[in-house]
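Following: one structure in structure tokens, then a few remarks.
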There are 2 protein chains.
Amino acid sequence: PDKSKAKVMNVAKSMRKLGQDDPRRVIHSLKVGLALTLVSLLYYSRTLYDGFGIAGIWAVLTVVVVFEFTVGGTLSKSLNRSFATFLAGALGLGAQHLASIFGEKGEPIVIGFLVFLLGAASTFTRFFPRIKARYDYGVLIFILTFSMVSVSGVRVVELLELAHQRLSTIVIGGATCIIVSMCICPVWAGEDLHNLVTSNIEKLASYLDGFGDEYFHCKSEDEEGKVNVSKKDKPFLQGYRSVLNSKSTEDSMANLARWEPRHGRFCFRHPWKQYLKIGAITRQCAYHIEALNGYINSNIQASEEFQSKIQEPCTKMSQESCKALRSLASAIKTMTDSSPANIHVENSKTAINELKFAVNKASSLEKAELLAIVPAATVASTLIEIVKCVEKLSEAVH
Amino acid sequence: PDKSKAKVMNVAKSMRKLGQDDPRRVIHSLKVGLALTLVSLLYYSRTLYDGFGIAGIWAVLTVVVVFEFTVGGTLSKSLNRSFATFLAGALGLGAQHLASIFGEKGEPIVIGFLVFLLGAASTFTRFFPRIKARYDYGVLIFILTFSMVSVSGVRVVELLELAHQRLSTIVIGGATCIIVSMCICPVWAGEDLHNLVTSNIEKLASYLDGFGDEYFHCKSEDEEGKVNVSKKDKPFLQGYRSVLNSKSTEDSMANLARWEPRHGRFCFRHPWKQYLKIGAITRQCAYHIEALNGYINSNIQASEEFQSKIQEPCTKMSQESCKALRSLASAIKTMTDSSPANIHVENSKTAINELKFAVNKASSLEKAELLAIVPAATVASTLIEIVKCVEKLSEAVH
């Protein structure tokens, strides 16, 4: 009993955390409940029931299937569902008419053949990446409705009425979803994408902010054994990791954002593709940081003398890149001009030259410790790559 | 007309390419058509129609919704659908019974409240990452069936019969899908995951195979302007890119693979998690290669003298890592012992020492060109990181 109690406590805890991490999840659940209840009560009221018959249940079905977390998702699904149902219904009626020409014996064969043909062809189109991304659900509903209409048609005589009923119930269900999801605390996929992209850039910035201290400080403290303690306390050194695998999330959000109407500062045809571009460069930068991160954890001791010489320009490079990233992030966030970032980009580029100068000076002083220099030199040149990435990013944001 | 003709030609071309890239797509489409036709004809035959009534259409619906590309996907969806329908149907009947106690006026209120409660609660559980990954569809169907049964119950008297009909048609549809997808050219998610992981390792291997030549050769040819020509002709330099973003594909395949029964060399509880681990290390390696790739394209000229000195150990490192990766890939592919890879891992580790020796020797010869050495040194130390990654990988494969 203690064990099961602990388990229940665990589940409760993780539920609470889930809600606290993003309170919109709780609101979304309540919204789904609300839409569902609304449509169910609609089905209850006698006037509507008499009008729609048992087809009214399709409104309930539509709400459950169509209601998504974001407005874009809900819109895309309900529009896909409505259009696909309409199109497939019309085609299904046509198929049935065609089949009826062939007489009672030929009918099932013709219908079976048509269902096979359209089912196979539509399934194949779902493999097109573009259709998969935007109209996957629509194609699914198309196959579904077409086969249902053409097959059931043989039995139900009042097919036109049925089609009309089904379509209107789907529209009722879809409209309820759209209204509830847009009017009560709407979650916009576009805004989420916007925030994700900026928060990713900020994560990289806070890594670079801490990197200089971490790398140069850490090394000098190494002998005292304090390193391991200090590393785990610093979440900013882990933050960039989530950026590495952000591609699929960004892609799907951009796809949903396309469906959303004007909201807040975003217009209908907001350049969502630009976000994907910025996201791709951010990831590129994150790959370099991943490489950089290997040297914080590495045990290879670099020459301290050389390190102290490059410390200043390296710290400056990472600091200025950090500032440039932060200012780019805030420029994206507020949708203002990103030119303030240019100063920092320029500064970090001068730091590259300072580094080169420092290395040149070092090389005339030292002679034998080339091997010990290599790790530090790698850090420096990875930083140079990061500066280049930041520059590209600032061009993309423009 | 010419423009639209070109468009049609384009679509036809991309369709052909889609089919040629993976012929299983064409087969899958035909399989869906077949299953759909089978179930439709079942609905046609009078004996069954008399038994199931209009509920027979649910078999068609199930086939469309449940049939997925992989066996794991089909199994997971049909099992989720059957169990969720059963559970929600039972709960819905209970809810209706409970509501009927409250009299004719209280009934709609109680039903509405219960639908709201279960709808909201179930929607919230869909945010749990574990449930989202494995039972998302089941929860969806649970909400759907529960609200349909509890709402429609007020009207339809023969509810038990309806529930029985619906469940059996869903089982018929699901069983058709499972049989067709498992018996006709099955596509196993587990096998796909297996192949994806090995092909990713091989992509990295072929990059490393070509890298030595590309980097050292390319540099020496730079003056002749042949670089740009040579780079575009080499697809192996791009292959690793797809590895960078492979996480989401691998995760979803591993989730589907869990559902699959024993097939070929894979048993039911194959350690699919191990593949995710190997995949993560492969990606780590790919990040380092991404960093490395920056230096092939970079314009910074490194000292040629120094380069020629580290050329041999560097080439050896990348060659031996490549061999180690290839032998690991083939060990995974054939599920045999991976110990042959150890020799190559050891060889690449001796190459690190050779490199250190070469650098040491270089440092006593040269003096002033420290700055020119940095890029080449970075390449060398990134290669060292890659060797470490390969070692970790060979431990994970064991």
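Need the failing condition index for A:ASN342 against (1) surrounded by fewer than 20 Cβ atoms within 10 Å (Cβ to Cβ); (2) modelled with pLDDT of 75 or more; (3) closer than 12 Å to A:ILE310 by Cα, just the number.
Exception for A:ASN342: condition (3).
Look through B:THR169, B:THR123 and report the one residue that is assigned to a helix (DSSP H, G or I) and more than 9 Å from every other protein chain (Cβ to nearest Cβ).
B:THR169 is the lone residue from the list that is assigned to a helix (DSSP H, G or I) and more than 9 Å from every other protein chain (Cβ to nearest Cβ).
Which one of these does B:LYS132 not meet: (1) open to solvent by 40 Å² or more (accessible area, probe 1.4 Å); (2) touching a Leu at 6+ places or on another chain (Cβ under 9 Å); (3) closer than 30 Å to A:VAL60 by Cβ?
Unmet condition: (2).
With respect to B:SER348, is the statement that it is at pLDDT below 75, farther than 24 Å from A:ALA380 by Cβ and surrounded by 15 or more Cβ atoms within 10 Å (Cβ to Cβ) true?
So B:SER348 does not fit the description; no.
May I ask you to list the residues in region B:27-46 that are at the interface with chain A (Cβ under 7 Å from one of its Cβ atoms) and either among the β-branched types (Val, Ile, Thr) or over 23 Å from A:ILE141 (Cβ atoms) (or both)?
Matches in region B:27-46: B:VAL32, B:THR37.
A:VAL115 - would you say it is part of a helix (DSSP H, G or I) and either of a type in the set (D, E, K, R) or within 12 Å of another protein chain (Cβ to nearest Cβ) (or both)?
The answer is yes for A:VAL115.
Answer yes or no: is there a residue in region B:108-121 that is in contact (Cβ under 8 Å) with a residue 12 or more places away in the chain and under 16 Å from B:LEU79 (Cα atoms).
There is no residue in region B:108-121 that is in contact (Cβ under 8 Å) with a residue 12 or more places away in the chain and under 16 Å from B:LEU79 (Cα atoms).
List every residue pair whose Cβ atoms sit under 7 Å apart, with the two residues 6 or more apart in sequence or on different chains, where the first one lies in region B:79-99 and is over 17 Å from B:VAL66 (Cβ atoms) and the second, anywhere, is in a helix (DSSP H, G or I) and charged (D, E, K, R).
B:ALA99/B:GLU107
Among all residue pairs at least 6 apart or on different chains, which show Cβ distances below 7 Å where the first residue, located in region A:234-252, is within 13 Å of A:GLN284 (Cβ to Cβ) and the second is in a helix (DSSP H, G or I) and β-branched (Val, Ile, Thr)?
A:TYR240/A:ILE289; A:VAL243/A:THR282
The values are calculated or read from the model by the stated rules, or taken from the named source; none is laboratory data. Keep in mind that what you see is a predicted model, and the values were worked out from it rather than measured. Note that each Cβ is placed from the backbone with ideal geometry, even for glycine, and that neighbours are counted across all protein chains shown. Ligands, DNA and RNA are excluded from the accessible area calculation, which covers all protein heavy atoms including side chains. Shrake-Rupley method; radii C 1.70, N 1.55, O 1.52, S 1.80 Å.
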